[in-house]
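J.: Sharing a structure below in structure tokens format, with a few things to ask.
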Amino acid sequence: MNKVILNNCLPFFWTHQKDTSVVSFFLIVKAGSNYEEGYPAGIAHFLEHLFFKGNKTYSKKDVAHYFEYIGGGLHASTSKELVSFELITPITYFDKALEMMVSLLREPNFLLNDIEEERRVIAQEIALYEDSPEDVLLDWLEYEVWKGSSLANPILGTRESLEKINVENISMYYENFFVGNNMSLSCCGNLSEERIEKIKTAFEKFPKGETKSYCVSLPNLGRNYYIKKDFAQSYFAYVYKAFGKNDEKHWYEYLLCDYVGSGMTSLLYQRLREELQLIYDVSMYYDGYPNNGILVIQIGADKMQKEKILEEMNNLHEHLSKLDLDEESFMYLKEKVKNQFIIDYTSPCAKLLFTSRNELVNQTTYTLEDIIFQIDQLNVTTFNQVVQKRFQELSYSSFSFI
């Protein structure tokens with residue numbers, strides 16, 4: 001893996017693979033919904049859509065036809081933390097694909113007509129999203145848990161916030177966030193020295209700016225929420241406080257998620273699915289930010305099983321408050337989590353993107369090897385103490401569609 005900082009402070013990571021006939025580009029920008037304080041919710045996602053509307057050089061039709069023609073295509077997505085762009089091109093079309101990608105991202109058109117079109121499109125996207133109970137539940141819990149901060153913003157925004165997006169605030173958001181210091185570029189594939197120089201020259205067209213950050217308040221926990229919904233199943237979510245990523249103990253959160261609700265060997269899956277057949281789905285995940293974090297358990301179950309689910313969750317809390325995992329079980333747990341990281345980041349491109357994302361979002365230089373090392377340092381005594389303390393001093397919020 002190679003790294004250089006461009007003249008505009010944009011970090012550029014690359015890996016050369018001489019036996020491949022493609023080049024992959026991954027540009028990530030710290031501009032997700034967590035960074036929308038002072039802007040209408042959903043503006044980052046809205047902006048992502050507008051890049052595909054074309055500009056003064058390339059029409060919308062040019063964009064669609066060319067990127068489909070070369071096979072790989074230009075793809076984009078928006079998350080809580082990032083707006084991401086991915087381009088895969090055969091080396092035959094490298095020059096044109098690079099030039100077009102940078103042109104669209106560096107010289108966008110923010111036309112009123114395009115904004116009105118996308119406002120209607122995203123409103124339909126929100127309507128489609130509302131047909132997914134798991135997604136609606138996630139937005140609801142994040143709104144309540146992080147109320148008062150930009151972390152409460154739904155990625156798509158709301159119908160009300162869409163109406164507030166205009167040429168002026170879209171342009172301001174773009175100018176503030178699409179700057180060298182606030183982005184990271186990763187490339188892998190058949191990268192000759194000549195191609196590397198062309199990439200540097202192209203992406204140095206972005207101006208230098210300021211690295212963005214957001215505030216993370218304490219999560220709002222301690223309440224139980226429910227809404228009657230006409231869904232075929234009941235949906236539950238439990239939210240607990242977790243360590244922020246600046247705390248070295250946050251590595252234990254990954255083990256706890258795996259132990260409680262991640263995969264077929266987890267505590268909840270074995271108990272609720274295999275022993276009692278109460279559920280069709282359960283998961284637990286960790287959302288970590290610099291100084292705070294949350295653990296979330298999501299459950300989908302038959303509507304007639306609500307009381308039994310609540311009883312089993314109380315049993316879970318009791319079990320975790322007295323947790324006494326033995327060394328052998330703990331070692332099994334560590335190996336599982338390590339292997340999940342290894343599988344997730346096995347390809348050169350995935351490892352490259354993983355490293356660049358960590359540096360941009362978390363201001364760390366963690367590689368996959370660093371994470372394996374961190375997990376190896378974890379011990380069963382501390383794990384038991386961390387879990388016991390959290391569930392003895394239990395504070396959580398629950399959310400349910402019934």
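The values are calculated or read from the model by the stated rules, or taken from the named source; none is laboratory data. In this text the structure is predicted, and so the values were computed from the model without any measurement. No Cβ is skipped: glycine too gets one built from the backbone with ideal geometry, and neighbour counts run over all protein chains shown. Ligands, DNA and RNA are stripped out before the accessible areas are found, and what is left, the full protein with its side chains, is counted by its heavy atoms. Shrake-Rupley method; radii C 1.70, N 1.55, O 1.52, S 1.80 Å.
J.: Can you pull the one-decimal nm distance between simple spin-label points at LEU112 and GLU163, each 7 Å off the Cα toward Cβ?
T.: Modelled inter-label distance: 1.8 nm.
J.: Can you tell me the mean projection area, over all orientations, of the convex hull of segment 244-296's alpha carbons? Units nm², please.
T.: That works out to 3.4 nm², a quarter of the Cα hull's surface.
J.: Something else now. Can you give me the long-range amide H partners of THR364? Hydrogens built in the peptide plane at 1.01 Å from N, cutoff under 5 Å, separation of 5 or more residues or another chain.
T.: Amide H neighbours of THR364: GLU359.
J.: Moving on to the next point. How do LYS338, LYS205 stack up against each other in accessible area, from largest to smallest, with a 1.4 angstrom probe?
T.: Final ranking, largest accessible area leading: LYS205, LYS338.
J.: Something else: Lys and Arg at +1, Asp and Glu at -1: add these up for the other residues within a Cβ distance under 10 Å of SER192 and post the number.
T.: For residues surrounding SER192, the net value is 0.
J.: Could I ask something else about it? Can you give the angle from 0 to 90° between the axis of helix 94-106 and the longest principal axis of the chain, with both taken from C-alpha atoms, to the nearest 10?
T.: Approximately 70 degrees, to the nearest 10.
J.: For segment 69-120, report the % of Cα-Cα distances exceeding 12 Å.
T.: Percentage above 12 Å: 72.
J.: How large is ³J(HN,Hα) for each residue in segment 333-345, as worked out from phi by the Karplus curve 6.51 cos²θ - 1.76 cosθ + 1.60 (θ = phi - 60°), to whole Hz, x for Gly and Pro?
T.: 3J(HN,Hα) across segment 333-345, in whole Hz: 4, 4, 5, 4, 5, 4, 5, 5, 4, 4, 5, 4, 10.
J.: In addition: Any chance you could give the angle, 0 to 90 degrees and rounded to 10, that helix 193-203 forms with the longest Cα principal axis of the chain?
T.: Once rounded, one gets 80 degrees.
J.: Quick one: among LYS30, LYS80, LYS198, which has the greatest mean-square fluctuation in a GNM of the chain with alpha-carbon springs under 10 angstrom?
T.: Greatest mean-square fluctuation among the candidates belongs to LYS198.
J.: A follow-up question, please. May I have the convex hull volume per residue, in Å³, for the Cα set of the chain?
T.: Looking at the chain, the number lands at 151 Å³ per residue.
J.: Sort 142-151, 118-127 for me by packing, meaning the mean count of neighbouring Cβ atoms within 10 Å per residue, highest on top.
T.: Per-residue mean Cβ counts within 10 Å order the peptides as 142-151, 118-127.
J.: Per the helix-only calculation at 222 nm, which mean residue ellipticity applies to the chain, given -39500 (n - 2.57) for every DSSP H run of n ≥ 4 and division by its residues, nearest 500 deg cm²/dmol?
T.: So the calculated ellipticity at 222 nm is -13000 deg cm²/dmol.
J.: Segment 338-393: which GluC sites (Glu not before Pro) are DSSP loop and have at most 12 other beta-carbon atoms within 10 angstrom?
T.: Answer by residue number: GLU393.
J.: Now for a different question. Keeping all protein chains in the complex and leaving out DNA, RNA and ligands, what accessible area do you get for VAL282 with a 1.4 Å probe, in Å² to the nearest 10?
T.: Surface open to solvent at VAL282 totals about 20 Å².
J.: Accessible surface of HIS16 in the full protein assembly, 1.4 angstrom probe, to the nearest 10 Å²?
T.: 90 Å²
J.: What would the Debye formula give as log10 I(q)/I(0) at q = 0.14, 0.21, 0.31 Å⁻¹ for the alpha-carbon point model of segment 112-154, no solvent?
T.: Here the Debye-derived log intensity ratios amount to -0.44, -0.75, -0.93.
J.: Can you tell me which of 186-194, 107-115 comes out highest on packing, and rank the rest after it, using the mean Cβ neighbours within 10 Å?
T.: Going by the mean number of other Cβ atoms within 10 Å, highest first, we get 186-194, 107-115.
J.: In whole Hz, with x marking every Gly and Pro, tabulate ³J(HN,Hα) for segment 115-130 from phi via Karplus 6.51 cos²θ - 1.76 cosθ + 1.60, θ = phi - 60°.
T.: After applying 6.51 cos²θ - 1.76 cosθ + 1.60, I find 5, 5, 4, 5, 4, 5, 4, 6, 4, 5, 4, 4, 4, 5, 4, 5 Hz.
J.: Gain in length, ASN2 to LYS308, computed as 0.36 nm per residue apart minus the alpha-carbon separation, to one decimal in nm?
T.: Taking 0.36 nm per residue and subtracting the Cα distance, the gain is 104.8 nm.
J.: Would you pull out the residues with amide H under 5 Å of ASN292's amide H, same chain only if 5 or more places away, H placed 1.01 Å from N?
T.: Close amide H contacts, sequence-distant or interchain: GLY244, LYS245.
J.: Also, I was wondering about something else. In µm²/s, what is D for segment 238-389 at 4 °C and 1.567 mPa s, where D = kT/(6 pi eta Rh) by Stokes-Einstein and Rh is the Kirkwood radius from Cα pairs?
T.: The estimated diffusion coefficient comes to 78 µm²/s.
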